[in-house]
Structures are given as C-alpha cells and as structure tokens.
Amino acid sequence: KEWKGYSFKINFRNQILKVSVSQNQTTFSLEGNSRLDVFVNGNKVLVEPNGLVVV
C-alpha cells in the first residue's frame with residue numbers, strides 16, 4: 001500500500017509548527033506570535049503566525 005501523506009507538529013521556540021506532507025505538496029501552519037523561516041529543498045519559506053503556506 002502506498003502512502004498518501006503524513007503530518008507532524010514541532011514545538012520550536014515556544015511555537016507550534018504543523019507540517020503536512022503529501023505526494024504533491026507540503027503545507028506549514030504556525031501557532032504562535034512570531035514569524036518563522038523554514039527551508040524546503042534549500043529554499044527559504046516564511047511562515048506567518050496563524051497563516052498557511054503551501055510549497
């Protein structure tokens with residue numbers, strides 16, 4: 001059986017970053033007060049608090 005996706009949460013600097021990965025895209029959402037820079041395949045992605053970013 002092939003996988004369809006997975007998700008996990010990371011507590012980073014007292015903020016919760018939720019990462020959801022599917023075969024076609026990765027989404028990030030942030031529960032916190034400060035923006036967070038993450039790197040996806042070497043590219044910098046800005047995640048804003050209470051926002052959703054699709055890569």
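Calculate, for Glu48 and Glu2, the FRET efficiency according to 1/(1 + (r/R0)^6) with r their C-beta to C-beta distance and R0 22 Å; round to the nearest 0.05. Before the final figure, lay out each step's value.
Details: r = 33 Å, r/R0 = 1.49.
Using R0 = 22 Å, I get an efficiency of 0.10.
Which lysines have a Cα less than 21 Å from the Cα of Lys18, not counting those fewer than 8 places away in the same chain?
Partners found: Lys4, Lys9, Lys44.
Multiplying the sequence separation of Ser20 and Ser34 by 0.36 nm and subtracting their Cα-Cα distance, what value in nm do you get? Could you put the intermediate results ahead of the total?
Numbers: separation 14, 0.36 × 14 = 5.04 nm, distance 2.01 nm.
My answer for the length gained is 3.0 nm.
Across the stretch 19-32, in residue order, what do the Karplus-derived ³J(HN,Hα) couplings come to in whole Hz, using 6.51 cos²θ - 1.76 cosθ + 1.60 with θ = phi - 60° and x for Gly and Pro?
Couplings: 10, 10, 10, 10, 5, 9, 7, 10, 10, 10, 9, 10, 9, x Hz.
How big is the charge dipole of the chain about its Cα centre, in debye rounded to the nearest 20, if each Lys and Arg gets +1 on its Cβ and each Asp and Glu gets -1 on its Cβ? Don't skip to the answer; put the middle values down first.
Working: 7 positive and 4 negative charges, 24 e Å.
Charge dipole, the chain, about its Cα centre: 120 debye, nearest 20.
Quick note: the coordinates plus some simple rules give every number you see, no bench work behind them. Since we're looking at a predicted model, the values are computed, not measured. No Cβ is skipped: glycine too gets one built from the backbone with ideal geometry, and neighbour counts run over all protein chains shown.
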